[in-house]
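What follows is calculated from the coordinates using simple rules that are stated; it is not laboratory data. All values derive from a computational prediction rather than experimental measurement. Backbone-built Cβ (ideal geometry, glycine too); neighbour counts: all protein chains shown.
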Amino acid sequence: MTTHEFEVRDQITVDAMPEQVWDAIATGPGVDAWFMGRTEFEAREGGTVTQAMGPETYHSTITAYEPGRRLAYRSDLAPDGTFMAFEYLIEGRAGGSTTVRFVHSGLLSGDDWESEYDALKQGDPMYLQQLTAYLKHFGGAALTRSVFAVGPQEKDSARVWSAFGSALGLSGSVTRGAAVSLTVDGLERTSGVVEFVAPSYVLVRTDEGLYLLMHGYHDTIVVEYHGYAGEQGNEELQSAWQSWLTRVFA
């Protein structure tokens with residue numbers, strides 16, 4: 001099978017010290033606080049990164065491990081010859097901020113590889129924005145609750161964004177900085193603000209955590225939540241959002 005090289009590069013500046021950034025990208029609890037699934041690190045060059053995402057578990061080898069400066073790891077080679085590699089370069093700035101340079105590269109295969117590459121070009125910056133918001137507003141707080149709810153495929157993006165707007169209590173377009181009132185059956189109404197918005201997702205910050213509402217790869221609708229406080233049970237949150245997806249996009 002033919003493979004195709006790909007690379008995604010990005011750069012962000014976060015309101016956090018290099019040590020805080022390192023903890024958020026190079027430890028299991030740190031990554032869990034802003035990225036999907038569950039991650040474990042063997043904290044050394046040559047160590048293993050284990051990432052559980054739904055029913056799948058992925059293993060990578062750490063190829064560079066310089067605390068506070070550089071982290072890189074590369075996934076095991078798949079049967080079709082594909083792999084993914086990630087690199088973070090960290091540089092402290094005056095005033096307590098940090099620049100993070102990110103590279104995601106590797107090989108893709110299959111007839112749909114270009115669509116997968118397009119999804120990575122959207123997804124990587126999305127999670128970097130979530131990392132930025134997590135460090136700025138929650139300062140490395142531990143994850144206490146999380147949701148990963150997957151809905152149906154929906155090609156009509158206007159319908160998806162109308163539903164997102166309704167859930168956020170917005171009658172017009174979803175814009176950065178807009179105040180929202182998150183309203184979903186079975187959950188308490190929650191105030192928040194649109195932290196970032198792009199054509200395929202909206203990132204919302206509340207006092208208790210971060211919500212990602214996505215219209216992503218293969219037109220699948222996903223709701224993801226990382227919470228750092230609050231009393232509502234995790235199963236209750238997951239069930240409410242899964243029910244919302246099923247009901248709204250039936």
For log10 I(q)/I(0) by the Debye sum over Cα atoms at q = 0.10, 0.11, 0.12, 0.15 Å⁻¹, the choices are [x] -0.73, -0.77, -0.81, -1.01; [y] -0.50, -0.61, -0.73, -1.15; [z] -0.43, -0.52, -0.63, -1.04; which was calculated from the structure?
[y]
For the chain, modelled as a GNM with alpha-carbon contacts under 10 angstrom, which of S173, S162, S105 fluctuates the most?
S173
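For R101 and Q153, compute 0.36 nm times the residue count separating them, minus their Cα-Cα distance, and round to one decimal in nm.
Stretched out fully, the R101 to Q153 stretch lengthens by 15.4 nm.
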Taking θ = phi - 60°, what integer Hz values does the Karplus form 6.51 cos²θ - 1.76 cosθ + 1.60 yield along the range 173-190, in sequence order, with x for Gly and Pro?
6, 8, 10, 4, x, 5, 6, 10, 10, 5, 10, 9, 3, x, 10, 5, 5, 10
For the D219, T63 Cβ pair and Förster radius 41 Å, calculated FRET efficiency rounded to 0.05 is 0.75
Whole angstrom only: what separates the Cα centroid of the range 194-215 from the Cα centroid of the range 122-176?
3 Å
Prolate/oblate/rounded call for the range 145-248, Cα gyration tensor, a/c under 1.5 rounded
oblate
Can you give the extra length, in nm with one decimal, that the chain gains between D15 and T3 once fully stretched, where that is 0.36 nm per residue apart less the Cα-Cα distance?
0.5 nm
Return the Cα extents of the range 1-48 along principal axes one, two and three, sorted largest first, each rounded to a whole Å.
42, 26, 23
Shape category assigned to the range 3-138 from the gyration tensor of Cα positions, a/c cut at 1.5:
prolate
Report the extension gain between A198 and A142 in nm, rounded to one decimal, defined as 0.36 nm multiplied by the number of residues separating them, less their alpha carbon distance.
17.5 nm
Helix 157-167: inclination vs the chain longest Cα principal axis, degrees, rounded to 10, gives 70 degrees
I need the phi-derived Karplus couplings for the range 57-69: 6.51 cos²θ - 1.76 cosθ + 1.60, θ = phi - 60°, integer Hz, Gly and Pro marked x.
10, 10, 10, 9, 10, 6, 9, 8, 9, 10, x, x, 10
Set Lys and Arg Cβ to +1 and Asp and Glu Cβ to -1, take the dipole of the range 107-250 about its Cα centre, and tell me which of W244, F196, V147 lies farthest positive.
F196
Given +1 on the Cβ of Lys and Arg, -1 on the Cβ of Asp and Glu, and no further charges, what dipole in debye does the range 3-138 carry about its Cα centre, rounded to the nearest 20?
620 debye
